[in-house]
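Asks: The structure that follows is given in the form of structure tokens.
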Amino acid sequence: MSRRKIRYKPELFLNRELSWLEFNRRVLSEALDSRNPLLERIKFLSIFSTNLDEFFMKRVGGLKRQIGAGVTRETIDGLTPREQLDKIQPLVHEMVQNQRNCLLNDVFPALQSHGIVISSYEELTKKQKNTVDAYFKRSVFPILTPLGYGPGQPFPFISNLSLSLGVLVKKPKCDAPVFARLKIPQNRPRWVNVGEANHFVPLEQVIAANLRYLFPGVEVLFSCAFRVTRNADIDRNEEEAEDLLELIEEELRHRRFASVVRLEINSSVTLPLLHWLIDELRIKEEDVYKVEGPLNLKDLMQLTKLNFPQLKDKPWKPIIPPTLRATDEDGRPVSFFQLLSKGDVLVHHPYESFGGSVQRFLQEASIDPSVLAIKQTLYRTADDSPIIRALVKASENGKQVAVLVEIKARFDEANNIQWVRTLERAGVHVTYGFAGLKTHTKTLLIVREEPDGIKRYFHIGTGNYHSGTANLYTDLGMLSCRRDLGEDLTDLFNFLTGHSDQKKYRKLLVAPVNMRQKFLRLIRREINNVKKGGQGRIIAKMNQLEDPEIITQLYEASKVGVQIDLIVRGFCCLRPGLPHTSENIRIISIIGRFLEHSRIFYFYNNGKEDFYIGSADWMSRNLDYRVEAVTPIENTALREELKTSLEIMLSDNRKAWEQQSDGSYIQRIPKDSKDERCSHELLMQRALNR
């Protein structure tokens, strides 16, 4: 969607990439925080690494591609691609060093005091070495394939994010050493048990200690673990693609061989091996990240599965909302269609069960003889997805099933292509979305024939139809049969599957059609109400905030006295607390046991409050380059529930961080442990009380 170009003041905006790094610093802080259980701290060390992998693949990869193309254009905050990269690198080095210190000098020693030991191979006793060496010969050695480099042998391809050993060997009667690469198998446990309960050693160290079996007759001079990250920011020309599915499959093939944007390597590396890798991978020294201890720390997640409940958060089992637990006289569950005919239902995951609400709704529809059609959008879903199984069953039962699968969902492309084929084989009508637009909306529409005619039932949510992440991500969804919203969803699906040019919606805010302008009007209404002597209040919760037009409008609202509270989990490009600009804007970020993913928008409207939930953040990509849906919440009880949830989150003083005008964050600390308010704990307790 084209809009007039506006010149913004760089000093009013924070850099997106640097703000994202501050978000990942908050993730790391959960690992550094000794108040958290030890295995939860391990989990956050793993998440920090996974986040950083994606940041390098997408964001750093994109910056490097711009630099390579000679782009010197400044971002809205005034930084060129080169300047951004120069600021990113020292920050990453600092945070990775903090991560390593935490792991090696704090968490590992603390785990040992509880009977969980992570040793290096050199620290093992002779008996323990014999145990892991026997395991190597039996279960690892047959899998390994060393790839040499030399005359007639090209430099081996190093796959993205794979862990490898670089080995220098010297052949008899040869003066110069030669290089070999050994890929650490991903189908073997990363942490090898040494023959004693909960005592482990890294797999790559076991392999390194047994290299003589892989290189008999030559001298192994040195070995070192390393790992490469490749660029995932591939140029895509969707407009000229005849087959979008084929284009994405081709992109996945290209991504495997994309340029290297980061080399992680043990700090013990020798200069000859390091220079060899730098030359052959065609990288610069600035792309090298030397680290102490094991690489690929996302594999720490394996340790969180150990049976030490005292070192984890108390387990949480989502409850089924009371409304959905209703039974008839014979004790059988009341049909979803009967329940929703009585009123709207709001579900809040993971406090409330996804399986007992949204998933059950679809499963019931798939076998209900009165259901005529099911329409759904899928952005991400689980590997063994009950949602997919329900859609297949519905098609087998003769229902008209249409599904839009977004095959451009970043890093889920391969999974989604597989789901496309599964659904098509079952006779489901599948579309892949638009060229130039991602379909990110979370919508499910069920069309049912009833005695008084056709009736539409639906779910509009903030999160993916993913049974796995529904237990980890906080998300909201409304189940309803409201006529106006049902008609809007029919129009939206016709737009999605038939590429109609729908311009008007009764109640829904749909991007890229009317959402941007509606949000701007809602902010301006608060401004006008204050100018007329009334009060102005905005509360908005989202994953990230970046759109310059929305930010500028929030600044205007702050200037006239509108009180604004923003709950932004990830990066945020708005500067709060600037004199005469954003003094009335407060921003917090909540990082804890659940990943904050819901989007909620509240506008005071002179006491006639408006509430919205949906799939969109206030980002240019969501408002202009994605298909999104945000719904008003008009049921009084549901509105009160949303308001209470927002108040609980705003009062958090355990997991909340307050953003400063320079982009840094300060964690809230309760004055006394008795005054501690953790929003996740409070919302779990609230769900139990209901």
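The values are calculated or read from the model by the stated rules, or taken from the named source; none is laboratory data. This structure is a prediction, so every number in the text was calculated from the model and none was measured. Using ideal geometry, Cβ is built from the backbone for each residue, glycine included, and neighbour counts are taken over all protein chains shown.
Asks: Kindly indicate the residue of the stretch 415-471 that is at pLDDT 95 or above and of a type in the set (Lys, Arg) and also nearest to the chain's Cα centre (by Cα) among those meeting that condition.
Replies: Lys442
Matching residues to (1) more than 21 Å from Leu28 (Cβ to Cβ); (2) β-branched (Val, Ile, Thr):
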site	(1), (2)
Leu104	no, no
Phe108	no, no
Leu111	no, no
Gly115	yes, no
Leu124	yes, no
Lys129	yes, no
Val132	yes, yes
Phe136	yes, no
Leu147	yes, no
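Asks: Which one of Leu362, Leu295, Leu303 is touching a residue at least 12 places away in the same chain (Cβ under 8 Å) and either outside any helix (DSSP H, G or I) or farther than 28 Å from Tyr473 by Cα (or both)?
Replies: Leu295
Asks: Would you check if there is a residue in the stretch 280-288 being in a strand (DSSP E or B) and modelled with pLDDT of 95 or more?
Replies: At the first step, the residues of the stretch 280-288 found to be in a strand (DSSP E or B) are 288.
Narrowing further to those that are modelled with pLDDT of 95 or more: 288.
Yes, there is a match, as at least one residue in the stretch 280-288 is in a strand (DSSP E or B) and modelled with pLDDT of 95 or more.
Asks: Examine the stretch 13-23 for a residue that is under 26 Å from Arg516 (Cβ atoms), charged (D, E, K, R) and crowded, with 18+ Cβ neighbours inside 10 Å, and state whether such a residue exists. Steps first, please.
Replies: Filtering the stretch 13-23 for residues under 26 Å from Arg516 (Cβ atoms) gives 13-20, 23.
Filter once more, keeping what is charged (D, E, K, R): 16-17.
Next, only the ones that are crowded, with 18+ Cβ neighbours inside 10 Å stay: 16-17.
Within the stretch 13-23, one or more residues are under 26 Å from Arg516 (Cβ atoms), charged (D, E, K, R) and crowded, with 18+ Cβ neighbours inside 10 Å.
Asks: Now for a separate question. Answer yes or no as to whether Val392 is over 30 Å from Arg690 (Cα atoms) and in a strand (DSSP E or B).
Replies: Working: over 30 Å from Arg690 (Cα atoms): yes; in a strand (DSSP E or B): no.
So Val392 fails the test.
Asks: I'm trying to understand the selection: among the residues of the stretch 668-690, which are surrounded by 14 or more Cβ atoms within 10 Å (Cβ to Cβ) and in contact with a helix residue (DSSP H, G or I) (Cβ under 7 Å, 6 or more places away or on another chain)? If you could, list the steps in order and put the result at the bottom.
Replies: Looking only at the stretch 668-690, we keep the residues that are surrounded by 14 or more Cβ atoms within 10 Å (Cβ to Cβ), and these are 668, 676-684, 686-687.
Residues satisfying the conditions are Ser679, Leu682, Leu683.
Asks: Another one. So, of the residues in the stretch 494-538 that are of a type in the set (Gly, Ala, Ser) and touching a Phe, Trp or Tyr at 6+ places or on another chain (Cβ under 9 Å), which turns out to be nearest to Ile460 (Cα to Cα)?
Replies: Start the filter on the stretch 494-538 by keeping residues that are of a type in the set (Gly, Ala, Ser), which leaves 498, 500, 511, 533-534, 536.
From what is left, the residues that are touching a Phe, Trp or Tyr at 6+ places or on another chain (Cβ under 9 Å) are 511, 534, 536.
On the way: Ala511: 14, Gly534: 33, Gly536: 28 Å.
Only one residue fits best here, namely Ala511.
Asks: Are any residues in the stretch 137-193 of a type in the set (Lys, Arg) and either out of contact with any strand residue (DSSP E or B) (no Cβ under 9 Å at 6 or more places or on another chain) or farther than 16 Å from Leu211 by Cα (or both), and if so, which ones?
Replies: Step one: filter the stretch 137-193 for residues of a type in the set (Lys, Arg), giving 137-138, 170-171, 173, 181, 183, 188, 190.
Result: Lys137, Arg138, Lys173, Arg188, Arg190.
Asks: Identify all residues within the stretch 185-228 that are of a type in the set (S, T, N, Q), in a loop (DSSP other than H, G, I, E, B) and surrounded by fewer than 16 Cβ atoms within 10 Å (Cβ to Cβ); write none if there are none. Step through it out loud before you land on a result.
Replies: Residues of the stretch 185-228 that are of a type in the set (S, T, N, Q), as a first pass: 186-187, 193, 198, 205, 210, 223.
Cutting the leftovers down to in a loop (DSSP other than H, G, I, E, B) gives us 186-187, 198, 210.
Gln186, Asn187 - these are the residues of the stretch 185-228 that are of a type in the set (S, T, N, Q), in a loop (DSSP other than H, G, I, E, B) and surrounded by fewer than 16 Cβ atoms within 10 Å (Cβ to Cβ).
Asks: Still on this structure: Using the structure shown, decide if Gln400 is of a type in the set (S, T, N, Q), closer than 28 Å to Asp491 by Cα, free of Cβ contacts under 8 Å to residues at least 24 places away in the same chain and surrounded by fewer than 20 Cβ atoms within 10 Å (Cβ to Cβ).
Replies: On the way: of a type in the set (S, T, N, Q): yes; closer than 28 Å to Asp491 by Cα: yes; free of Cβ contacts under 8 Å to residues at least 24 places away in the same chain: no; surrounded by fewer than 20 Cβ atoms within 10 Å (Cβ to Cβ): yes.
No; evaluated as a whole, the condition is false for this residue.
Asks: Condition check: closer than 22 Å to Arg569 by Cα, surrounded by 15 or more Cβ atoms within 10 Å (Cβ to Cβ), at pLDDT 95 or above and among the basic types (Lys, Arg). Does Arg26 satisfy that?
Replies: Spelling it out, Arg26 is indeed closer than 22 Å to Arg569 by Cα, surrounded by 15 or more Cβ atoms within 10 Å (Cβ to Cβ), at pLDDT 95 or above and among the basic types (Lys, Arg).
Asks: Still on this model: What is the residue count in the stretch 591-625 for residues that are over 15 Å from the mean Cα position of the chain (by Cα) and under 20 Å from Glu681 (Cα atoms)? Full working, then the answer.
Replies: The initial filter retains those residues of the stretch 591-625 that are over 15 Å from the mean Cα position of the chain (by Cα), namely 600-614, 618-625.
Still in the list and also under 20 Å from Glu681 (Cα atoms): 600.
Here the count works out to 1.
Asks: Quick one: is Arg626 surrounded by fewer than 21 Cβ atoms within 10 Å (Cβ to Cβ) and either in the same structural domain as Val405 (by TED's automatic domain parsing) or over 22 Å from Arg482 (Cα atoms) (or both)? Walk me through it before giving the result.
Replies: Numbers: surrounded by fewer than 21 Cβ atoms within 10 Å (Cβ to Cβ): no; either in the same structural domain as Val405 (by TED's automatic domain parsing) or over 22 Å from Arg482 (Cα atoms) (or both): yes.
When the stated conditions are applied, Arg626 does not pass them.
Asks: Residues Arg626, Arg593: which one is in contact with a helix residue (DSSP H, G or I) (Cβ under 6 Å, 6 or more places away or on another chain) and farther than 15 Å from Ala540 by Cβ? I'd like the intermediate steps shown before the answer.
Replies: On the way: Arg626 fails: in contact with a helix residue (DSSP H, G or I) (Cβ under 6 Å, 6 or more places away or on another chain).
None of the others qualify; the one that does is Arg593.
Asks: Would you mind stating whether Arg686 is modelled with pLDDT of 95 or more, in contact with an Asp or Glu (Cβ under 8 Å, 6 or more places away or on another chain) and of a type outside the set (A, V, I, L, M, F, W, C)?
Replies: It is false that Arg686 is modelled with pLDDT of 95 or more, in contact with an Asp or Glu (Cβ under 8 Å, 6 or more places away or on another chain) and of a type outside the set (A, V, I, L, M, F, W, C).
Asks: Kindly indicate which of Asp106, Asp77, Asp86, Asp53 is within 26 Å of Ser162 (Cβ to Cβ) and charged (D, E, K, R).
Replies: Working: Asp106 fails: within 26 Å of Ser162 (Cβ to Cβ); Asp77 fails: within 26 Å of Ser162 (Cβ to Cβ); Asp86 fails: within 26 Å of Ser162 (Cβ to Cβ).
Among Asp106, Asp77, Asp86, Asp53, only Asp53 is within 26 Å of Ser162 (Cβ to Cβ) and charged (D, E, K, R).
Asks: Quick one: which strands (runs of 3 or more DSSP E) sit completely within the stretch 597-690 and have at least 2 residues that are among the hydrophobic types (A, V, I, L, M, F, W, C) and in contact (Cβ under 8 Å) with a residue 12 or more places away in the chain?
Replies: Values: elements: 600-603, 610-614, 626-632, 656-659, 665-667.
Of the strands (runs of 3 or more DSSP E) lying wholly inside the stretch 597-690, those with at least 2 residues that are among the hydrophobic types (A, V, I, L, M, F, W, C) and in contact (Cβ under 8 Å) with a residue 12 or more places away in the chain span 600-603, 610-614, 626-632, 656-659.
Asks: Might you check whether a residue that is among the aliphatic types (A, V, I, L, M) and surrounded by fewer than 18 Cβ atoms within 10 Å (Cβ to Cβ) occurs anywhere in the stretch 598-612? Talk me through it step by step, then tell me what you get.
Replies: Filtering the stretch 598-612 down to residues among the aliphatic types (A, V, I, L, M) leaves 600.
Right, trim to surrounded by fewer than 18 Cβ atoms within 10 Å (Cβ to Cβ) and you get none.
Within the stretch 598-612, none of the residues are among the aliphatic types (A, V, I, L, M) and surrounded by fewer than 18 Cβ atoms within 10 Å (Cβ to Cβ).
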